[in-house]
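The structure appears right after this line, and notes come after that.
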Amino acid sequence: MSENRDLPTDLRLLRIIERYLVLQLGAVRRQITSVGGTPSDARGGVSEVGRPRPAPARAPEWLVQLGIDGERRPVVVHRGGCAAARRGRVVPASRRDALEALAAGVESCYACRPDRELQVD
C-alpha cells in the first residue's frame, strides 16, 4: 500500500489525524446541507466509518395487520407502504397471502384499498 508512506507510524499521531479528518468531514457535510443539499447528499452514500452503506431493504408489497388478541389473527390487509399499517403489528405478505386473506374475510384497509389493486370485489 504505497499511499500510506506519507503517514506516520505512531498510533497516537494517527488518532490525532483521524480526529481532525472526522471534524473536517462534519464541517463539509454541514456546509453541503447549508447550501441546500440533503443530509444524504452530505453523506455521499458513505457511512461515518468510510464503508459504503448497504442498500435499503425492499419494502414488502403487501402487509397483513394482526389483531391484539392472544391469537394474533389477521385483521386488515394493507399495501406495503400504507401509513395506516404503522399503527399495529404487521407482517409482510405475498400477493397470494393477501388474496387468500381477503377471500377469507379479512378486512381491506380503508386508506390504501389493497382490494382494488388485487381486483377483489
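What follows is calculated from the coordinates using simple rules that are stated; it is not laboratory data. These numbers were taken from a predicted model, which means no experiment stands behind them.
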*Distant-in-sequence amide H partners of Gly80 (H built 1.01 Å from N, under 5 Å)*: Trp62, Leu63
_Under the rule of at least 5 residues apart or a separate chain, name every residue whose amide H is placed under 5 Å from the amide H of Ser108._
Val77
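For segment 50-119, what does the alpha-carbon gyration tensor say about shape, rounded, prolate or oblate, given a ≥ b ≥ c as the root eigenvalues, a/c under 1.5 as rounded, and a/b over b/c as prolate? Can you show the working numbers first?
Details: a/c = 2.26, a/b = 1.65, b/c = 1.37.
Here segment 50-119 falls in the prolate category.
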_³J(HN,Hα) computed for each position of segment 75-87 - Karplus, 6.51 cos²θ - 1.76 cosθ + 1.60, integer Hz, glycine/proline x_ = 10, 8, 9, 10, 6, x, x, 5, 5, 5, 6, 6, 6
